[in-house]
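Working notes, beginning with the structure itself.
Every read-out reported here was derived from the displayed coordinates using simple, explicitly stated rules and does not represent laboratory data. None of these values were measured; they are calculated from a predicted model. With ideal geometry, Cβ positions are generated from the backbone for all residues, glycine too; neighbour counts draw on all protein chains shown.
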C-alpha cells in the first residue's frame, strides 16, 4: 500500500519509528512532496528506499521574489531523482492570485519538460485551475491532492487526465463522498494521509501518520 502524499519531513516523531508503524499496518511506500523546493530533512529521507521525493512550490510561497528560479537552481544542481513536481497549484486562502497562477504555470511547464507527473494542491479556484491545465500540454499526468471540490468538477479534471487523491478530509462531506463512489471510476482514485495534517476524528493518536492509511481507506469505502 502506498501513501501518495505524506509530509514525513514535517513530522515530529522519529522517522524510523513512523515507517516501522506504517509497514506494520501494511503501508510500504511513501511519496513526500516539496512545499518550497525539496522537502526538509532531505538527506534522511533519501536514506530510505521506500520514500520517493517530489520537488515543488506551494502557492503560499508565490509572493516570494524569484522563489521558483532559486529553488529550480538547487534542483538543477543536484543529482537527486524526483518522481513528481509538486505540491503546486492555487489556494484561495492566500493572496497574490496572479503570482500563484504564474508560479503554477511555471511548474506545469517544468513537469512537461521533465516528463514527470504534477501533484496539485487546489483550494478553490477550481475553474481557473481547470482552464490552465486544459490549455497546457500536460496531458494524462496529474494528481489532485486531497480532493475537496465538487463531483462535477472532479469529472471535468478526470476528462483531461487527472486522478483524485483522497484523504480523511473527504469524510467531512459524506454525501459528496457517496456520489464520488457512484460516479468516479475506481481506477481514477488513489489515497493519502497528508500527514501530519488532516488527523481523522476517529483516530486516537496525537497526530496523523501513514499507519492510519488503511483505516482511512476503510472509512472512505463505508460511504460507497
Mind listing whichever residues of region 154-169 are surrounded by 22 or more Cβ atoms within 10 Å (Cβ to Cβ) and within 12 Å of residue 219 (Cα to Cα)? 166, 167, 168
Report whether or not residue 164 is part of a loop (DSSP other than H, G, I, E, B), in contact (Cβ under 8 Å) with a residue 12 or more places away in the chain and touching a strand residue (DSSP E or B) at 6+ places or on another chain (Cβ under 9 Å). no
Identify all residues within region 13-31 that are part of a loop (DSSP other than H, G, I, E, B) and surrounded by 13 or more Cβ atoms within 10 Å (Cβ to Cβ); write none if there are none. 13, 25, 27, 28
For region 83-98, what are the residues that are on the phi < 0 side of the Ramachandran plot and either in a strand (DSSP E or B) or crowded, with 18+ Cβ neighbours inside 10 Å (or both)? 84, 85, 87, 88, 90, 91
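If you scan region 107-122, which residues turn out to be surrounded by 17 or more Cβ atoms within 10 Å (Cβ to Cβ), free of Cβ contacts under 8 Å to residues at least 60 places away in the same chain and not in a loop (DSSP other than H, G, I, E, B)?
107, 108, 110, 111, 118, 120, 122
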